[in-house]
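First the structure, in the form of structure tokens, and then the observations on it.
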Amino acid sequence: MSRLLLLLCLLPACARNIAPVAVVVTTSEAQVARGEYLARSVMVCGACHSERDWTRLGGPAKDGTEFGGSSDIARTEGFPDSFSFWAPNLTPHGLSGWSDGEVARAIVFGQRPDQRGLFPYMPYFDYRESLATDDLAAVVAYLRSLPSIVKDAPGPVRFPMPGFVLNRFPEERTLRPTAPADTGRYLLEIAGCAGCHTEADKRGTFTGPRYAGGREFRVPAPGAGTVRSANLTPDVETGLGAWTKEQFIARFRTAAPGDVPAGGFNTVMPWWAWSRMNDADLGAMYDALKSLAPVKHAVIKHSPH
């Protein structure tokens, strides 16, 4: 037995008892609309909690599957065979029996009603540091408004360590009550842009400058190869330094999820979702990126198999 595994086995088996998050969830049109915008166009929850169509650019959600749960992500993402995990059904069918506070707690602190920890593929580590409580409530309100998709998880999570290890990941933090004045930076944070546009090792630990691109992703489509994220810093030669705000916004507007021929270029970037963001928010994100320190980092975008 390795020293790491021995240490993990000696950790207390009990989970942290995190209270459900106090959120005010209503059926108001404004709150549900805000939640829809965040869940579908900014946080892009459907990129994980759906079945993806990888015959189209960016793998948009298949019709009738958005928020209804995924297939085995461990297989599509190339995890070892010892792993199996799914993004669960977020429609009322999947969240039946969960209180609003329990849904909110899962999103930001990663804990289920039975105190089990969520598999950390779910980016609650980021949301607990960034997502505002009022926006969290709006997302829950939107999920409550969805029509039910009757689909259950295909099996238990398989994780090659003692099960209680997952229960050690959830951790309560103090949430910001409202979104900060810097809209662009806030949107970059809750959209998870740094998570993809920063080089990282296999464990997801950042190894390069934030937003400088270069992180590798295997596109889960036959023959699609490997793609690398773009440099979003304002370096003139290798990043966004030469881009105008109008060009930046137009890039999102023109990235329609068209058909991709077998073996043709595809990407994990969910253009189909972020293309629905409004001009003001995309412009604010551009301004936030332009305020970063430029990093010269040329990225080879695509390597076919």
With the structure loaded, tell me whether L187 is surrounded by 20 or more Cβ atoms within 10 Å (Cβ to Cβ), outside the structural domain of H93 (by TED's automatic domain parsing) and within 30 Å of R251 (Cα to Cα) or whether it fails that test.
yes
When residues of region 241-285 are limited to those that are within 20 Å of Y211 (Cα to Cα), touching a residue at least 60 places away in the same chain (Cβ under 8 Å) and of a type in the set (F, W, Y), the one surrounded by the most Cβ atoms within 10 Å (Cβ to Cβ):
W274
Would it be correct to say that E246 is in a helix (DSSP H, G or I) and more than 30 Å from D63 (Cα to Cα)?
yes
Residues that are buried (at least 22 other Cβ atoms within 10 Å of the Cβ), touching a strand residue (DSSP E or B) at 6+ places or on another chain (Cβ under 9 Å) and part of a loop (DSSP other than H, G, I, E, B), drawn from region 15-57:
H49, S50
Out of (1) free of Cβ contacts under 8 Å to residues at least 60 places away in the same chain; (2) under 15 Å from H49 (Cα atoms); (3) outside any helix (DSSP H, G or I), the odd one out for A106 is which?
(3)
Scanning region 243-291 residue by residue, those at pLDDT 95 or above, touching a Gly at 6+ places or on another chain (Cβ under 6 Å) and not hydrophobic (A, V, I, L, M, F, W, C) turn out to be K245, D287
Quick test of your reading of the structure: R112 fulfils all but one of (1) touching a residue at least 60 places away in the same chain (Cβ under 8 Å); (2) farther than 25 Å from F217 by Cα. Name the failing condition by number.
(1)
Among the listed residues T233, T238, which satisfies the condition of being polar (S, T, N, Q), surrounded by fewer than 20 Cβ atoms within 10 Å (Cβ to Cβ), in a loop (DSSP other than H, G, I, E, B) and in contact (Cβ under 8 Å) with a residue 40 or more places away in the chain?
T238
Answer yes or no: is there a residue in region 155-176 that is outside any strand (DSSP E or B), within 29 Å of A132 (Cβ to Cβ), free of Cβ contacts under 8 Å to residues at least 24 places away in the same chain and over 20 Å from the mean Cα position of the chain (by Cα).
yes
Is it true that some residue in region 64-77 is within 13 Å of the chain's Cα centre (by Cα) and of a type in the set (S, T, Y)?
no
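In region 249-290, which residues are in a loop (DSSP other than H, G, I, E, B) and touching an Asp or Glu at 6+ places or on another chain (Cβ under 9 Å)?
Of everything in region 249-290, just one residue is in a loop (DSSP other than H, G, I, E, B) and touching an Asp or Glu at 6+ places or on another chain (Cβ under 9 Å), namely P257.
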Which of the residues spanning region 192-205 are touching a residue at least 12 places away in the same chain (Cβ under 8 Å) and more than 13 Å from A288 (Cα to Cα)?
G192, G195, C196, H197, T198, E199, A200
Report the residue count in region 87-135 for those that are crowded, with 20+ Cβ neighbours inside 10 Å, in contact with an Asp or Glu (Cβ under 6 Å, 6 or more places away or on another chain) and not polar (S, T, N, Q).
1
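The values are calculated or read from the model by the stated rules, or taken from the named source; none is laboratory data. In this text the structure is predicted, and so the values were computed from the model without any measurement. We place every Cβ from the backbone using ideal geometry, glycine too, and count neighbours over all the protein chains shown.
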